[in-house]
Amino acid sequence: METCNWYADGKWLEPAGGEYFDSDNPYTGKAWARIARCDEKDANIAVQAAYRAFHEGPWGRMTPAERGLMLRRSGDAVARHADRLAEVETRDNGKRRVDIRPGLTSWLIDSFYYYAGMADKFEGAVIPTGRDNILNFTRPEPFGVVAAITAWNSPLLIAIWKLAPALAAGNTVVLKPSEFASASTLELMRALEDADLPSGVVNVLTGFGTEVGAPLVEHPLVRKVSFTGSVAGGTRVAALAAAGVKSVTMELGGKSPQLVFDDARLDDTVHGVCGGIFPPAGQSCIAGSRLLLQAGIHDAFVARLVEVASRARLGDPNADDTDIGPIANRAHFDRVLGFIERARADGATLACGGNAVDPDDSGGWFIEPTIFTDVDPESELARAEVFGPVLAVMRFDDEADAVRLANATDYGLAAGIWTEDHRRALELANRIEAGTVYLNNYFDACTQSPVGGYKQSGYGRELGWEGLRAYLQTKSVWLSTARRIDAPF
Ligand code: TXE
């Protein structure tokens, strides 16, 4: 068993309470590491370190170009540690190795490089007041200490989507990964030690949301909170941040619809719909977990979809030929099975899957790709986020029906529209309530393009210019060159 301490002020530290918790390998179902169980005392140490680094250390005195160079070196360090980062993330949360190397790690590196280039590109403005004896200009400034809280499904990507822009803007960061998958974030910290970032600029606090996440968010020296996780977790964190009037970015869950019209290319669309949910075992916030089929194509599409989904190979996330890996933790494995059981009881038709399996007898937590048809749009399966390999299929008649159904949940993270009629696709994209709309593709993304939610999928954006602006606040400065000030009375 590996013992993982936490990190602050340039040092690996033992938790103040001396306690550790187990981290499990979802492929074996067994603990493989012990993670520091931090508490309020540790949260204070981390925030104080970040505060000193911002106000007293070299980081606050660096020019934007020098900060950019530090970010570039962070990207280089991630590149050098990429294999180890992939190995730890696969072992700790079951994400397929083929999804991490080279795709995800290249993205991690590019994210640092992208924001390295931005560090000296954001500008203020001179405001045209129209008055000769007044100079008014604005300065974009960092908040100071940022609390970044992340989820378990893609710890490295979610962490760097917060770290890179927060640092490019000049902030310092206390990062708190999910207790269900902390190890790869700690491994990222080992890589960043290689980049020679000044002590206290990045700190990684591990432990449970209520025990150490809440004290971190509440800490008076934290001025910005960036959260990725469930709606339940996000509303708790947003409430804590609101009590301290802190700026917040919320990246929450989703129940994203894929709309397929009669004129869609059958095979391409079947593969696109499968690719939008099953490879990460449904554990992606933007997973296309609702399938809305136009009546004319419904039966043929479902038959083909079942054929393709049933062929998926479940197994070792390290194996190249694995199509679907395990569910990331035991608690979530049980939660997804609960959704399946209730969907059966609610009268939905199970078209394929629905069972927990252990394909390699490894003791892992696997669930077959599961497709329910005849799903009642008012049912739990149609409206709640399962966050597992479970697809809820419903049918619609016309465009108005499709839009009504697509928008009929509290979420608004993403949506897919499959049709050969591009005019229709663009018109419907305007009417779908979601932060990302895919037309004849799904799951595409890049560091330049902002992501984020409508409605209960959150607010604020990550990536792109908006992702940087989230970590800046604007100061307006007025300089008077008047020779005298008129007496007020
Ligand atoms: O979330 P949780 P999970 C969503 C996904 C799913 C969820 C799964 O849709 O709903 O994340 O991740 C900390 N004070 N996204 O189960 O439970 C907790 O310790 C302070 C959306 O991890 O909300 C963990 O670190 N912290 C996303 C983090 O919050 C608290 C992409 C998330 O925990 C806390 C990926 C508290 N009171 C997954 N309670 C997107 N939209 O991009 C919990 N935490």
**Q.** Amide H contacts of residue 248 (H built 1.01 Å from N, under 5 Å, at least 5 apart or other chain)
**A.** 225
Q | Farthest positive-ward along the chain dipole, Cα basis, beta-carbon charges - from 274, 146, 5 | A | 146
(Q) Taking the beta-carbon count within 10 Å as an exposure proxy, list 455, 255 from fewest neighbours to most. (A) 455, 255
Q: Run through the DSSP bridge list for the stretch 257-439 and note the antiparallel percent, rounded to the nearest 5.
A: 20
Q: Kindly put 274, 446 in sequence by how many other C-beta atoms sit within 10 Å of each C-beta, fewest to most.
A: 446, 274
Q: Label the chain by shape, choosing from rounded, prolate and oblate, from the square roots a ≥ b ≥ c of the eigenvalues of the Cα gyration tensor; if a/c is under 1.5 it is rounded, and otherwise prolate applies when a/b is larger than b/c, oblate when it is not.
A: oblate
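Using helices alone, what [θ] at 222 nm do you get for the chain, with -39,500 (n - 2.57) per DSSP H run of 4 or more residues, divided over all residues and rounded to the nearest 500?
Values: 15 runs with 169 residues, N = 489.
When only DSSP H runs of four or more count, the value is -10500 deg cm²/dmol.
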Q. How large is ³J(HN,Hα) for each residue in the stretch 448-463, as worked out from phi by the Karplus curve 6.51 cos²θ - 1.76 cosθ + 1.60 (θ = phi - 60°), to whole Hz, x for Gly and Pro?
A. 6, 9, x, 10, x, x, 9, 6, 7, 8, x, 8, x, 10, 10, 6
Q. Under 19 Å from the Cα of residue 41, which aspartates and glutamates turn up, not counting those fewer than eight places away in the same chain?
A. 9, 14, 19, 179, 211, 218
Q. Residue by residue, what Karplus-based ³J(HN,Hα) values in Hz, rounded to whole numbers, does the stretch 132-149 have, using 6.51, -1.76 and 1.60 with θ = phi - 60° and x for Gly and Pro?
A. 5, 9, 9, 10, 10, 9, 10, 10, x, 10, x, 7, x, 8, 9, 9, 10, 10
Q.
Can you tell me how the stretch 273-351 classifies by the Cα gyration tensor, rounded, prolate or oblate, using a/c under 1.5 as the rounded cut?
A. oblate
Q. What number comes out for the charge environment of residue 20, summing +1 per Lys or Arg and -1 per Asp or Glu over other residues with Cβ under 11 Å away?
A. -2
Q. For the Cα atoms of the chain, what angle does the longest principal axis make with the long axis of helix 183-193, in degrees from 0 to 90, nearest 10?
A. 30
Q: Report the net charge of residues surrounding residue 114, where surrounding means a beta-carbon distance below 15 angstrom and charges are Lys +1, Arg +1, Asp -1, Glu -1.
A: +2
Q: Determine the dipole magnitude for the chain: charges of +1 sit on the beta-carbon of Lys and Arg, -1 on that of Asp and Glu, nothing else is charged, the reference point is the Cα centre, and the result goes in debye to the nearest 20.
A: 1940
Q. Against the longest alpha carbon principal axis of the chain, how many degrees, from 0 to 90 and to the nearest 10, is the axis of helix 298-310 turned?
A. 80
Q: For the stretch 363-377, just list the computed ³J(HN,Hα) in residue order, Karplus coefficients 6.51, -1.76 and 1.60, θ = phi - 60°, integers in Hz, with x standing in for Gly and Pro.
A: x, x, 9, 10, 10, 4, x, 10, 10, 10, 10, 6, 7, 6, x
**Q.** Antiparallel bridge percentage (DSSP; both residues within the chain; nearest 5)
**A.** 40
Q | Long pairs among 121/162; 162/246; 95/224, criterion Cα-Cα beyond 22 Å | A | 95/224
Q. Could you give the radius of gyration (one decimal) and Dmax (whole number) of the Cα atoms in the stretch 257-439, in Å?
A. 15.8, 50
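FYI, it's all coordinate maths here, none of it is from the lab. On a predicted model such as this, the values are computed, not experimentally measured, just so you know. A quick note on method: Cβ atoms are made from the backbone with ideal geometry, for glycine too, and the neighbour counts reach across all protein chains shown.
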